[in-house]
Structure formats: C-alpha cells, structure tokens
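**Q** Here it is: the structure, laid out below.
The values are calculated or read from the model by the stated rules, or taken from the named source; none is laboratory data. These figures come from a predicted structure and were not determined experimentally. No Cβ is skipped: glycine too gets one built from the backbone with ideal geometry, and neighbour counts run over all protein chains shown. Heavy atoms of the whole protein, side chains included, go into the accessibility calculation; ligands, DNA and RNA do not. Shrake-Rupley method; radii C 1.70, N 1.55, O 1.52, S 1.80 Å.
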Amino acid sequence: MKTYNLHIILILFLTGFSFYSCKDLDEININPNGIDPAKTNPKFLLGTVITETGTRVLGLGFGDIAGVMQHTQKDGWASGHNSYDWTTSQNWDDYYGNLRNAEEMRQKAHNMGLEFYEGAALVFKAYNFGIIADIWGDAPFSDALKGEEGVAKPVYDSQRDIYLGILAYLEEANTLLSKGQSQYTVDNTLDVLFGGSVIKWRKFANSLALRYYLRILDKEPSIAEAGIAKIINNPDKYPLTLDHADDAAFAYVGSSGSDSWPCNTKYNADETNWRRLKMCSTLVELLRDLKDPRLPVWADKIATPLVIDPSKPADFDKIIDGERVIGTGVAKTYEDNYKVPLNLNKDYIGLPPAWHANAQSYNLNPNLAQAPINPHASHISSMYKNATGDLLKTRMLSASEMYFILAELAWRGLPSIGTAEENFYAGIKASFDTWGVGDSYADYVARVTYDNTLEQIMWQKWIASWSAATEAWFDWRRTGLPALKPGTVVKRNAIPIRFYYGLNELDYNGDNVDVAIQNLDATNYNLEDGKNSAWSKMWLLKDTGKPW
C-alpha cells in the first residue's frame, strides 16, 4: 500500500493542538486560536483517530505483550515485559480518548451526510471498544462517551454485550461503505490508512467482524456461526482483507519523537529503548529450525559467537578471530551460577523467557549495564533504530491474519473460503510478502508441510503476528495455542490473561468497577490480588478450560 507520510505530518499539525485524544473536543470553542467544532469537517478528525489508535496498538503488540507472547525479551527494565509484573497503574484512558474523537467524527459526519466518515468512525469505535473488552472484560459501553450529558460515573456493560455492540457497529459500517467510490465525498490525502479507498475500509470492517465472531465462538456458538456464515457466504456484500496491500497499516513519519518508531535511536541517542529489546529464544529457535527468512528481517545476528575449547586452560577467555574462546571452567562456572547452558549458535540467539532476574548477564554477556549491548545474543534488527522506514508500520489487521482465521474456520468444519490447507499456506505467503521475503516462499513451504492440526495453524499465525503480538495473546487465551510456558522469574507461574482495572476507575468510579470485579472468576493464580487480577477469568474465558 502507499505510504502517506507527508499527509500524516499535515494531520498532526492540523489536529494536534485542537483534538488531543484525551480531551473533550468541544472544549476548543473557548479557545480563540482553536477550531469551532460546529464548523469542523470530520475529515480532519480521521487522521487523529487512526494514528492515535494505531500508536496504542503498536505500543501493546511491540511492547509488553510481545514479551508475554515470547517474541521479545528485555534485559533492562524487564519486569513488566518478561515477568508480568503488572499493577493497577495500567489504564484505558487513551482508548476512551480515541473513542471520544471517533464519536465526535461520527456525529459530525452523520449530521453532514458524509457516509464515508461515519462508516470509518464506526470501524474505529468498534476497534477501540474491542481492545477495551478484550483486555479488561466488562467496561463502560452504553454509558460511555456521555460526559457532556452529565454521566461522570458510567455503568459497566458486560463483555458479551460489548462484543455484540461492536459487531453491530461493523454491520452498520459495512452498509454505510457499500456504495461505489464515486458516490462518496472523500479527501484521499487525509486518510493515512487507505488513501480514501472505500472498498479497503469496507474490507477492514468485515475482517474485523470475522475476527470477533471467531473470538466469541466458544461462548456464543449460535451467534458466531450465523455471523461467520453471513460473511463467508456473501463475499460481494461482505468483502474481506485478503491481499497484504490492503492491510490496515500505516508508516511512521519520523519527524519527531512522538511520530517515530518507538525504539528508534534518532530521538533516543543513548539507544536504551533499542538496546534492551532482545529476541526471545522461543521465537528464534522455531525460526531457526524452519530456516525462516523472516528471522534476519526481524533480528540481528550475534556479534561474537562463543566457542568452548577443552584444549585451553579451564579459565581461558579470549577473543580469537572474531570468536570468544573460553575454557571449560569458564563455561561450568556460568552454567552452575545461572542454571542454563551456554548457547553456542553462531548466528541468532534469543533470551529465554523470564530466565533470570539478572537478564543482562545471559550467555556470558560482558556488558552488564541496564540496557546492554550483548555480543552473544540477538538484538532486534538494526532497522528498528530508524525513526521511519518501509517496514516500520503499525499493523492493526492483516491479510495474513484473515487467512489464518479462514484456515481455522475450515479446520473446525465451519464455513470458509477454500480449505484449511490452502488458507494456511496463503497466510504464510501474505506474511512473507508483507516482510519483503516473498521470493523465499516456495522453498519455505516445500519444507513446512501442512499437518492438519490447529496447533500448526496457530504457531504460524503466532509467528506472523510479529510486532502485533496482542492478537496472538487473544488467540492464545482462546485456544491455549501456541503452547507457551512461562519463564522461571515471573510474578505468577502462568501467563496472564487480562489487565487489572486501573487506579483511576478504582478511585473515581468505585461502585461500578466493583460490580465488574465481582463478575470475574478467581483462579488459582490470583493470590493476594483478589479478583481484580491479571489471572482472573472474564466472561470470554469462564467455563472454557482455556488457556489453563
């Protein structure tokens, strides 16, 4: 897809001072330098709604959830990333800020008869409410966004009702976006997601709906199966995102720290945000075994291989011809101290998940600073030092994900497009094309034979969710796949399944959040948290036996 970097800059300029996502938009009518909301065209809100949502999505999927899902690990400031040391400091304010912007856009578009912008607003209302329900469970929905009506303490809707509400939004969006391109008033330059393409927006809406019908399949099978059949059996009415060029993704501008890739070193000169992110061994070992060409795109090779030479003195430790040669005594001391073997691979090495409190010491790293350069472990790719780039995009939904959803539907015997095997391979192909390694696809699938198991589908979907690991988290909760195991230095001996309700709600909307907390099911991993725990089960997981 095209990249609209210059237009993002324009949008940020036009909207940044007037439409900051966490503010009430109508407050600007008291600002003599602001724009009167009553006179504002909703097209100027679209860029803010897209970029603010996308930034939050990447912050999760390339941030701590990438640690939970064992794509990456940190060896500095690692507790939240590696060990799930989460607290009530997490909150949903940004998502409700995005929702206020989206609702403002929807209302204005509706009043002005601008169906394209109304449809786009509904897609992003669905997207943000979906994230909130996915992560927390019950949450304000029907009472949300009513601050101007005096609703300061909104009641919580059930997670189930929020899902059904967002599916209704997406159905309405599909209808609003169902006309030909020429029948809409669209400013292509201000749509940083799809360049004003109505059909791509429509595909996004329906693909998002298919994601959520699958999400609720185990809890509401009759509703989900009817929704899936409706979409699959009517491709003209419900087109889907099945080409990677139609992915819901946008590139970063790179003109400031706030509109650049989050771990870039252009605006973080000491490189700490990039340095502390290492590849996780769970991902690296699988990609190495599969000879997967995405590995060198996402990771750097180690700088200095380790070699154990029994012919040397036991305490020998010296760089020779670009390799660190050590004696058996050096290796034994390390392995006795840390209870893990040295990794002697010469190309890519990942940190084991939550393997030690002193994570920066992995594999005899000689640099023990808080954000170390480790010559014996793989950093994430050096391309992530850049502020912007062709592959540095926030990806909110992809063709690859859609194909893996279709593969799972076919595997389950539900309506799909093509067979499970066909969609399995198509999901891999879409991911390869996304990451610029499409030329390697034929050789890869010659080695990766489809084995007709859901486990294989979910492992490949997990790989393809790189930088968007939040969706992998939601899949893992639903299926227990891929079969990931927590590390040894973790807050609880189980991977978490939700975020804590935040301190803001606990302090200022206590009665309503208490009802939601009581609706959670405690598990063996709650311990001192009580029910407001990252290990409590919300409606979606109750009585499913998943993920544990």
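**Q** Could you check how many residues of segment 168-201 are open to solvent by less than 10 Å² (accessible area, probe 1.4 Å), under 30 Å from Trp136 (Cβ atoms), in contact with a Lys or Arg (Cβ under 9 Å, 6 or more places away or on another chain) and in a helix (DSSP H, G or I)?
**A** 2
**Q** If a residue counts only when it is more than 17 Å from Trp136 (Cα to Cα), which helices (runs of 4 or more DSSP H) contained entirely in segment 441-525 have at least 3 such residues? Spell out how you get there, then give the answer.
**A** Numbers: elements: 441-447, 454-464, 469-479, 503-508, 510-518.
Once the helices (runs of 4 or more DSSP H) in segment 441-525 are filtered for at least 3 residues that are more than 17 Å from Trp136 (Cα to Cα), what remains is 441-447, 454-464.
**Q** Same structure again: In segment 356-367, is there at least one residue being open to solvent by 10 Å² or more (accessible area, probe 1.4 Å) and under 25 Å from the mean Cα position of the chain (by Cα)?
**A** Within segment 356-367 (the criterion being open to solvent by 10 Å² or more (accessible area, probe 1.4 Å) and under 25 Å from the mean Cα position of the chain (by Cα)), the answer is no, since none of the residues qualifies.
**Q** Inside segment 116-168, can you point out the residues that are among the β-branched types (Val, Ile, Thr) and in contact with a strand residue (DSSP E or B) (Cβ under 6 Å, 6 or more places away or on another chain)?
**A** Kept after step one, since they are among the β-branched types (Val, Ile, Thr), are these residues of segment 116-168: 123, 131-132, 135, 151, 155, 162, 166.
Hit for segment 116-168 is Ile132, nothing else.
**Q** On the given criteria, is Tyr267 in contact with a Gly (Cβ under 8 Å, 6 or more places away or on another chain) and surrounded by 20 or more Cβ atoms within 10 Å (Cβ to Cβ)? Steps first, please.
**A** Working: in contact with a Gly (Cβ under 8 Å, 6 or more places away or on another chain): yes; surrounded by 20 or more Cβ atoms within 10 Å (Cβ to Cβ): no.
No, not satisfied.
Listed here are the residues, each with its yes/no results for (1) charged (D, E, K, R); (2) crowded, with 23+ Cβ neighbours inside 10 Å.
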position	(1), (2)
Ile457	no, yes
Ala469	no, yes
Arg478	yes, no
Lys491	yes, no
Leu520	no, yes
Asp529	yes, no
Gly545	no, no
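**Q** Do we have Val445 as open to solvent by 20 Å² or more (accessible area, probe 1.4 Å) and either within 17 Å of the chain's Cα centre (by Cα) or of a type in the set (A, V, I, L, M, F, W, C) (or both) here? Let's see the steps before the verdict.
**A** Numbers: open to solvent by 20 Å² or more (accessible area, probe 1.4 Å): yes; either within 17 Å of the chain's Cα centre (by Cα) or of a type in the set (A, V, I, L, M, F, W, C) (or both): yes.
When the stated conditions are applied, Val445 passes them.
**Q** Hand me the list of strands (runs of 3 or more DSSP E) wholly inside segment 246-326 holding 1 or more residues that are free of Cβ contacts under 8 Å to residues at least 40 places away in the same chain. Please lay out each step first, then the result.
**A** Working: elements: 248-251, 277-279, 306-308, 317-320, 323-326.
Ranges flagged: 306-308, 317-320, 323-326.
**Q** Further question on the same structure: Please go through (1) of a type in the set (A, V, I, L, M); (2) open to solvent by less than 70 Å² (accessible area, probe 1.4 Å); (3) modelled with pLDDT of 95 or more for Ala303 and return the number of the only condition it doesn't satisfy.
**A** Going through the list (1) of a type in the set (A, V, I, L, M); (2) open to solvent by less than 70 Å² (accessible area, probe 1.4 Å); (3) modelled with pLDDT of 95 or more, Ala303 breaks only (2).
**Q** Sticking with this structure for a sec: Which condition breaks for Ile349 when tested against (1) within 36 Å of the chain's Cα centre (by Cα); (2) open to solvent by 30 Å² or more (accessible area, probe 1.4 Å)?
**A** It is condition (2) that Ile349 fails.
**Q** Looking at (1) open to solvent by less than 30 Å² (accessible area, probe 1.4 Å); (2) not in a helix (DSSP H, G or I), find the lone condition where Gly165 falls short.
**A** (2)
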